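Here the structure is laid out as structure tokens; the discussion comes afterwards.
The values are calculated or read from the model by the stated rules, or taken from the named source; none is laboratory data. Please read these numbers as outputs of a predicted model, since none were measured by experiment. Ideal geometry is used to build each Cβ from the backbone, glycine not excepted, and the neighbour counts take in all protein chains shown. When the accessible area is computed, the model is the full protein with side chains, heavy atoms only, and any ligands, DNA or RNA have been set aside. Shrake-Rupley method; radii C 1.70, N 1.55, O 1.52, S 1.80 Å.
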Amino acid sequence: MSTDRRPWTFYVLATLFTAFVIFLYGPMISVLVLAFQGPSGALTFPLRDPSLMWFGEVFNPSRVGDVPGAFSRSFPLAILVMLLTVLVSVAAGFGFRRRFFGSTVLFYTAIASLIVPGLVLSIGVLVTARFLGVSANWFTTGLGAHLSWTLPFGLLIMFAVLGRLSPSYEEAAYDLGATRWQTVMEVVVPIVFPGMIAVALFGFTLSYDEFPRSWLTIGTKNTLPLEIWTMTTNVTSPSLYALGAMTTAISFLVIGLALGSIYLIQRKRGG
Amino acid sequence: MSARSSLAAQLQVAPMAIVLLLFFIIPVALVVIVSFFRYQMLVGLVPDFTFKNYYDLLSNPTTWALYLSTIKFTLIVLAITLVLGFWLSYFLVFHVRHLMVAIGLFLVCTVPFWTSNIIRMISWRPVLGREGLINQGLQGIGVIEQPLDWLLFSDFSVVVTYVHLFTLFMMVPIFNSMARIDKALLEAAIDAGATRWGVVWNVVLPLSKTGIALGSLFVVTLVMGDFAVVKVMSGGLSGSATSGIFNDLQFLNYPRAAANAVILLVIVMLIASGIFRLVDVRKELVR
């Protein structure tokens, strides 16, 4: 098989794939490059006298918005969403392995929560807060609005992960005399752990970059995506790209940490 | 035993059920209720039971034009992402010979998903703009004299951005379905005299049905619910179903915004239930 000549479709599809990757990354790379634009540089190529000045400009509140403040809300919010998403969706994933009353309703509610337009949910959460007489805040209504979207994602990933966890492993552990706690900690968790990291990655990034569900629910102080959204209309200097480069760097750091730790766990297991 | 284990399962799913109740079911129910309220200048919400908001919206040609424009974008983007998602997955699953290479290439496609959509959206500006890379390149090699104006702030740039942002949502579910196809099936079909095209059409495509359905569900709901891309990338020239909601919210006309949101929600849910009727998504996911 491996000595076969590759069919012509391989080359056509390989070209398509390469073009798609360029299409995915090309614009992003051009923004990352243009973030280093010099003082006389414009929003487009060419890159003139590369400098770091626009990165400094990002932290100048009179020119740009309050970026450090927005970050100081977005980051803890994303961490909080990540932790809660892991806890709640992992528990729910295990719950769904057994038949229980209302499982179908809960499943379709989760799917509906995933596909409801973010703007509709944003209005709903704001109206709910008004009826309850509380003011919208990133750590209350904002947090809930984000969870309504990260939890179903987490649940779907847990379905994929737990689909591979045969109940016979746990039964075997019980038969060999393990306690419930030992079974969970020494059999179940090691198998499920890489999946939990994936859930964490989704929880963090979906919250950190979320725009429509944040729009009306975070109150008067912006999170980072809203700050960037405001900037797209107000700021016409490369500092917009510099901010884009920085927030993308944070995303890449988080992705690298997650994928790297999954890789390490898998390798340790293999060896 | 079964009663006890059912109770344990219910305890495990309880936190998720509570969050979804508080931050999904109640908010959406309230949107429906508020959509029947009256709007009064300076007062805002006035409890009532009136169909006026719906009547205003449905008798206004602008609403119909906006929904038509959204449906146009949805169909175009659905067609492009479907073709791309199918063939890119096909390439990874059936043409790449080493599993690790396929997984690596798959991750290359997924990484941008975990970065900011807004940044990815605006990153098309230096590429498509009047002085952008494409215009500079085309002028450089002498294909065109004047920069092309229709590249940015047009329907074209909206579609490009949607495809850029949402192809992954189509590709991942299709890849997932295709990766489960037993390769022996393909060889059996070839041995039985099928052409390679026949295998794609009669074996791979039907077995990728679930992925295609899930991917379409994601793409349709994402495009229909979007308001950022169409606002920024069309330069205000095109509208979408959500831009009406956006405008009403700016004037604090919550009842009409809510009525519009309900219309959007009903359309999205109708499409979703149509898709769920075609394939039993749950059975496929939980197995």
Residue B:72 accessible area, 1.4 Å probe, all protein chains in place, Å² to nearest 10: 90
Amide N of region A:70-87 lying under 11 Å from the label point, which is placed 7 angstrom from the Cα of residue A:137 along Cα→Cβ: none
Where labels lie 7 Å past Cα in the beta-carbon direction, separation of residue B:201 and residue B:72 in nm: 3.2
Calculated FRET value between residue B:133 and residue B:8, using beta carbons and R₀ = 56 Å, to 0.05: 0.45
Coarse-grained scattering of region B:190-259 at q = 0.14, 0.18, 0.19 Å⁻¹, given as base-10 log I(q)/I(0) from a Debye sum over alpha-carbon atoms: -0.63, -0.78, -0.82
Alpha-carbon radius of gyration plus Dmax, which is the widest Cα pair, for region A:148-235 in Å: 19.9, 66
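Calculate for chain B the 222 nm mean residue ellipticity that helices alone would give, adding -39,500 (n - 2.57) per DSSP H run of length 4 or more and normalising by residue count, nearest 500 deg cm²/dmol.
-21500 deg cm²/dmol
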Nonlocal amide H pairs with residue B:38, under 5 Å, H built at 1.01 Å: B:46, B:48
Estimated inter-spin distance, residue A:101 and residue A:9, nm [label 7 Å along Cα→Cβ]: 5.2
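What's the whole-number percent of alpha carbon pairs in region A:27-113 lying beyond 16 angstrom?
72
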Accessible area expressed per residue, the protein assembly as shown, with surrounding protein chains retained (probe 1.4 Å, Å²): 46
Distance between region A:166-208 and region A:16-44 - C-alpha centres, whole angstrom: 41
Cα-based shape type of region B:27-96, given that a ≥ b ≥ c are square roots of the gyration tensor eigenvalues and the cut on a/c is 1.5: prolate
D_trans [Stokes-Einstein, Kirkwood Rh over alpha-carbon pairs] for region B:131-226, 10 °C, 1.306 mPa s, µm² s⁻¹: 96
For region A:97-116 and region B:27-41, distance of Cα centres in Å: 26
Note, ³J(HN,Hα) from phi for region A:219-232, Karplus 6.51, -1.76, 1.60, rounded to Hz, x at Gly and Pro: x, 7, 9, 6, 8, 4, x, 6, 5, 5, 4, 4, 5, 4
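Return the carbon/sulfur percentage of the accessible area of the protein assembly as shown, one whole number, probe 1.4 Å, all protein chains in place.
69
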Three-way shape label, chain A, alpha-carbon gyration tensor, a/c 1.5: oblate
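Using alpha carbon coordinates only, what is the Rg to Rh ratio of region A:21-174, with Rh defined as the Kirkwood radius?
1.13
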Computed log₁₀ I(q)/I(0) - Debye formula, equal Cα scatterers, no solvent, region A:195-262, q 0.12, 0.16, 0.20 Å⁻¹: -0.39, -0.64, -0.88
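I'd like the mean, over residues of A:89-98, of how many other protein chain beta carbons sit within 10 Å of each residue's own Cβ. Please list the in-between numbers first.
On the way: counts 4, 1, 7, 9, 3, 4, 11, 6, 4, 8.
Partner-chain Cβ atoms within 10 Å, mean over residues of A:89-98: 6.
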Kirkwood-type radius of chain B, with distances r between different C-alpha atoms, in Å: 22.4
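If eta is 0.890 mPa s and T is 25 °C, what Stokes-Einstein diffusion coefficient results for region B:141-287, Kirkwood Rh from Cα pairs, in µm²/s?
132
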For region A:37-61, residues shielded by at least 40 square angstrom of accessible area compared with the chain on its own, probe 1.4 Å: A:44, A:45
Debye-sum result for the protein assembly as shown in log10 I(q)/I(0), which assumes one identical scatterer on each alpha carbon, at q = 0.07, 0.08, 0.09, 0.11 Å⁻¹: -0.44, -0.58, -0.74, -1.11
Accessible area, probe 1.4 Å, largest first, for residues A:184, A:90: A:184, A:90
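Ignore the peptide's own chain and count Cβ atoms of other chains within 10 Å of each Cβ in A:231-237; give me the average, rounded. Before the final figure, lay out the partial values.
Values: counts 2, 8, 2, 0, 0, 0, 0.
For peptide A:231-237, the averaged partner shielding equals 2.
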Added length on full extension, which subtracts the Cα-Cα distance from 0.36 nm per residue, residue A:176 to residue A:164: 2.2 nm
Ranked order, B:84, A:43, B:21 - accessible area, probe 1.4 Å, largest first: B:21, A:43, B:84
Solvent-accessible area buried by B and A, counting both chains, probe 1.4 angstrom, square angstrom: 8200
